[in-house]
Amino acid sequence: MEKIYQYIKEHATEPGEALAWVEKQTHIRTNHARMLSGAVQGQIMRMLVQSTGASRILELGTFTGYSAICLASAMPEGGHLDTLEINDELEDLIIEGFERAGLDDKIRLHIGDCKETLRRLRSEMGLEDGGTADPVKLYDLVYMDANKREYCEYYELIFDMVRPGGLILADNVLWDGKVCQDPLPQDKQTLGIARFNDMVAADPRVESVILPLRDGLNLIRKKD
């Protein structure tokens, strides 16, 4: 599989200088470079944004900013991306990457607990206490790549933040194949992702498919 992935990578569009810089700095300045989305997944996300015309995007889990740059660079003029990251030690690296990509005016970085930030954003949209959001404020696309144990909670918080017909992308949903094991491993990350996949599959409000891309990408479309 590694040879196949390398072949696919070699035949995909080059990511560009800013993304190459982020990838290099991620390897140098963090101990979790494998968490990087990478060129192939990044290009797929770019093309999804371009093909849907998504201009309002929400990202849960910035890490070093690679995926945020991929998403934001494909937005039309006037687009806006909110990205959420809990690790404040990554803030300087993230911001420099956005500046190098010329996207710092399109992206708002939120440092803090993901669920707390989502509740604040919901309040800003008028969704707390049973309110209804202005359709203009709804997101066209949400990319989830934060704490795997909390995917179900994220899904419930973001669902009415997404416009009808909008997309939710959830990363790492195969979790190194652990979700397919019998018996199912009982660690909290595996259980969280397995519950999330089951929740989405049973949700009549959406249609979905899991793409076997790297560690699994659940492509979810909110029905009109």
Practice prompt. Take segment 21-37 and flag every residue that is more than 19 Å from the chain's Cα centre (by Cα) and either loosely packed, with under 11 Cβ neighbours inside 10 Å or of a type in the set (A, V, I, L, M, F, W, C) (or both).
Written response: Trp21, Ile28, Asn31
Worksheet item: With Thr52, Thr13, Thr64 as the choices, which residue is surrounded by fewer than 20 Cβ atoms within 10 Å (Cβ to Cβ) and in contact with a helix residue (DSSP H, G or I) (Cβ under 8 Å, 6 or more places away or on another chain)?
Response: Thr13
Discussion item. Can you report the number of residues in segment 48-82 which are in a helix (DSSP H, G or I) and either touching a strand residue (DSSP E or B) at 6+ places or on another chain (Cβ under 9 Å) or within 14 Å of Tyr143 (Cα to Cα) (or both)?
Written reply: 10
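Here's the yes/no breakdown for (1) surrounded by 12 or more Cβ atoms within 10 Å (Cβ to Cβ); (2) under 29 Å from Pro15 (Cβ atoms):
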residue	(1), (2)
Glu85	yes, yes
Asp92	no, yes
Asp105	no, yes
Pro135	no, no
Tyr139	yes, yes
Val142	yes, yes
Asp145	yes, yes
Arg163	yes, yes
Ala170	yes, yes
Fill in: Any chance Gln25 is touching a strand residue (DSSP E or B) at 6+ places or on another chain (Cβ under 9 Å), in contact (Cβ under 8 Å) with a residue 60 or more places away in the chain and not acidic (Asp, Glu)
no
Fill in: Given (1) free of Cβ contacts under 8 Å to residues at least 60 places away in the same chain; (2) within 17 Å of Glu153 (Cβ to Cβ), number of the condition Val209 does not satisfy
(2)
Worksheet item: What is the residue count in segment 119-133 for residues that are surrounded by fewer than 13 Cβ atoms within 10 Å (Cβ to Cβ) and touching a Gly at 6+ places or on another chain (Cβ under 8 Å)?
Response: 1
Fill in: Ile210 vs. criteria surrounded by 15 or more Cβ atoms within 10 Å (Cβ to Cβ), closer than 20 Å to Gly61 by Cα and either of a type in the set (Lys, Arg) or out of contact with any Phe, Trp or Tyr (no Cβ under 9 Å at 6 or more places or on another chain) (or both)
yes
Discussion item. Can you list residue pairs whose Cβ atoms sit under 8 Å apart, with the first residue in segment 154-171 being among the basic types (Lys, Arg) and the second being in a helix (DSSP H, G or I)? Count only pairs 6 or more apart in sequence or on different chains.
Written reply: Arg163/Pro135
Fill in: Counted residues, segment 201-222 - those being among the small types (Gly, Ala, Ser) and closer than 14 Å to Gly177 by Cα
1
Discussion item. Criterion first (closer than 16 Å to Met144 by Cα and buried (at least 23 other Cβ atoms within 10 Å of the Cβ)) does Glu116 satisfy it?
Written reply: no
Worksheet item: Name the residues in segment 36-72 that are farther than 20 Å from Leu118 by Cβ and free of Cβ contacts under 8 Å to residues at least 40 places away in the same chain, would you?
Response: Leu36, Ala39, Gly42, Gln43, Arg46, Met47, Gln50, Ser51
Worksheet item: Restricting attention to segment 103-130, which residues are touching a Ser or Thr at 6+ places or on another chain (Cβ under 9 Å) and free of Cβ contacts under 8 Å to residues at least 12 places away in the same chain?
Response: Gly126, Asp129
Discussion item. Within segment 29-51, does at least one residue satisfy the condition of being closer than 30 Å to Asp176 by Cα and touching a Pro at 6+ places or on another chain (Cβ under 7 Å)?
Written reply: yes
Worksheet item: Taking segment 215-224 on its own, how many of its residues are part of a loop (DSSP other than H, G, I, E, B) and either modelled with pLDDT of 95 or more or buried (at least 16 other Cβ atoms within 10 Å of the Cβ) (or both)?
Response: 3
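The values are calculated or read from the model by the stated rules, or taken from the named source; none is laboratory data. Just so you know, these numbers come straight off a predicted model, no measurement behind them. Glycine also receives a Cβ, built like all others from the backbone with ideal geometry; neighbour counts cover every protein chain displayed.
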